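Notes follow once the structure below has been shown.
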Amino acid sequence: MPTGADIVWACLSAQGVDTVFGYPGGAVIPLYDALDGSGIRHILTRHEQGAVFAAEGYARATGKTGVCIATSGPGATNLITGIADAKMDSVPLVCITGQVRSALIGTDAFQEIDVFGMTLPITKWSRIVRSAAEIPDVLAKAFYIANSGRPGPVLIDIPTDFLKAVINVAVPGHYEPPPVSSSVNSFPTANLLSLLRQAQRPVVLVGAGVKLSGATQAAQRLLNRLRIPAGATVHALGVIPSEAPYSLGMVGMHGTRAANMALHETDLLVVLGARLDDRVTGDPSRFAPEARIVHFEIDPSQLDRVRRGELAVIGDLAETIPQFLQVLDGNELPDFSAWRETACGESRAEVRTRGGALPAIRFLDELYALMPPDGVVVADVGQHQMWAAQRYRAMNPRGFLSSGGLGSMGFALPAALGAQLARPEATVLCISGDGGVQMNIQELATIQRFKLPVKLLIMDNKYLGMVRQWQQLFYDRNYAETDLSDNPDFVAIAEAYGIKSAKLGIDRSSETGLPPNTNDVMRDFLFSPEARLLVFECPPEANVFPMVPSGAALSEMLLEEKEA
């Protein structure tokens, strides 16, 4: 007779799960005892936060559901940042935690914590398993909820005695989704055509919902049909071909001048699966001030959060974007070529920083030029994240992964190992800062144990760079507690983990600021069949521009160091 733990593994296998990330502990020992023979690969990370970020990287790189496991108490609480990160960025996760024996719940037993209550605000669904018999149905529901509608994380908390219990139940479990409301509105063909024909300065804003719904190709056909200026959020990079004549680039706080000015001037904004958070809009009261907004969205709760829209199209973008295309078939639209040239033309060309960031930008440009088109870039959080996003040019909607809504430092290294496991043939480039990399640097051990050829680039400026930039621009250069000049020797640390490493610095005698051997070092780093670490030493006071100050409108972005 199988145990509850056997049933968990059988249910995961039935859901198509082949890889899980985790860290054992007392309450989940029965689960690990049943692992052998399950047919599922378990990746032992060196911290539970590493496990949940790795599961995120796996999910973000593939669209599959990531799975992670942790024990009760501190194991469970160490998952919380990653769960919140997945909720903000719509990443499907199933997180399984062990819990103390059911009879002890509520007694403050050793390593008891109410992870169910703690995760209610940051999951799509949290559940404490109440008997071993319900494990199959609970897991079936968990996977459905994680993937339905707007994807997100689910947490299942299982008391350890239910994992030990011997029981005979059917696998897989069953979950009957609630019926879809029959009162869904028909596609608003007439209203949409009317708005397009009245517009003089229309803009499309592409968000992560496009790739999450699998609608990238449909969206590209739509953009080629409309041929109006189109910008992307950081999570939608790779959806809009960078060479397209209508491409504005990335929008928002560190977006391009073209994208932000177009959003400020537009009179019709068509939003495809973006939630319009403050990093995209700037001052919400002055976002797209003259625009009527048409919002295509699967999650009704995201509508009218910034300002009221003119028209909402609710549904899966995989269905509504093709419907939009059908509306356009046989219907003439105004000629928007003059507006497109104004919005995307040379007069709005990207302003390149002439200051300390130039070597970092050129370095990333040269490194990206060597990346295979199907490569994956995983960026941590900070200045390097924005440089990495600004310079990203590949045509791969799942090729740029980063912590967006939560902005979790320490995300990139474990997420990169998850992405590499999900896509073993791809070149996975992890870009981190000297601050963020130290938050989960222990996952170098996981990379080395599983012989993952992750390429870790550390942009080392000896500061918490993004905070320092704000301190410089808005706090009179009071660099309070952002000095990291006592950083360890990252090359020596990597070598201690058995990972070959190199370092590049700024060559001030060079026109580009890069040493003459840069290309050779890059090639050795990127094309090695093994893991590699490369430290690039940036100027300490290099800043990211353009930049929209907090509380400013998109049109009030700072473009150059001299304007700061």
(request) Only residues that are surrounded by 18 or more Cβ atoms within 10 Å (Cβ to Cβ), among the aliphatic types (A, V, I, L, M) and modelled with pLDDT under 95: list them for the range 372-407, please. (result) Ala394
(request) Take the range 499-548 and flag every residue that is β-branched (Val, Ile, Thr) and without any contact (Cβ under 8 Å) to a residue 60 or more places away in the chain. (result) Ile499, Val521
(request) State all residues of the range 316-361 that are exposed (fewer than 12 other Cβ atoms within 10 Å of the Cβ), of a type in the set (D, E, K, R) and at pLDDT below 85; if no residue qualifies, say none. (result) Glu346, Arg354
(request) Name the residue, out of Ile447, Ile431, that is among the hydrophobic types (A, V, I, L, M, F, W, C), in contact with a Phe, Trp or Tyr (Cβ under 9 Å, 6 or more places away or on another chain) and outside any helix (DSSP H, G or I). (result) Ile431
(message) Of everything in the range 528-543, what is at pLDDT 95 or above and out of contact with any Asp or Glu (no Cβ under 8 Å at 6 or more places or on another chain)? Give them in sequence order.
(response) Ser528, Pro529, Glu530, Ala531, Leu533, Leu534
(request) Mind counting the residues in the range 60-78 that are in contact (Cβ under 8 Å) with a residue 60 or more places away in the chain and of a type outside the set (S, T, N, Q)? (result) 6
(message) For the condition buried (at least 20 other Cβ atoms within 10 Å of the Cβ), modelled with pLDDT of 95 or more and over 25 Å from Leu559 (Cβ atoms), what is the one hit in Val251, Val270, Val206?
(response) Val270
(message) Go through (1) hydrophobic (A, V, I, L, M, F, W, C); (2) part of a loop (DSSP other than H, G, I, E, B); (3) surrounded by fewer than 20 Cβ atoms within 10 Å (Cβ to Cβ) for Val521 and report which single condition fails.
(response) (2)
(request) Mind listing whichever residues of the range 298-323 are under 27 Å from the mean Cα position of the chain (by Cα) and either under 16 Å from Leu222 (Cα atoms) or among the acidic types (Asp, Glu) (or both)? (result) Asp299, Asp304, Val313, Asp316, Leu317, Ala318, Glu319, Thr320, Ile321, Pro322
(message) Take residues that are assigned by TED's automatic domain parsing to the domain that holds Ala142 and touching a Phe, Trp or Tyr at 6+ places or on another chain (Cβ under 8 Å) and tell me which of the strands (runs of 3 or more DSSP E) falling wholly in the range 1-117 contain 2 or more.
(response) 19-22, 41-44, 66-70
(message) Six or more apart or on different chains, Cβ atoms under 6 Å: show the pairs whose first residue is in the range 208-223 and outside the structural domain of Thr62 (by TED's automatic domain parsing) and whose second is of a type in the set (D, E, K, R) and part of a loop (DSSP other than H, G, I, E, B).
(response) Ser213/Asp316
(message) What's the total number of residues in the range 21-58 that are closer than 30 Å to Thr427 by Cα, surrounded by 24 or more Cβ atoms within 10 Å (Cβ to Cβ) and of a type in the set (A, V, I, L, M, F, W, C)?
(response) 6
(message) Restricting to the range 1-32, and then to whatever is out of contact with any Gly (no Cβ under 7 Å at 6 or more places or on another chain) and among the β-branched types (Val, Ile, Thr), can you tell me which residue is farthest from Glu134 (Cα to Cα)?
(response) Thr19
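The values are calculated or read from the model by the stated rules, or taken from the named source; none is laboratory data. Note that this is a predicted model, so its numbers are computed, not measured. Note: ideal-geometry Cβ built from the backbone for every residue, glycine included; neighbour counts use all protein chains shown.
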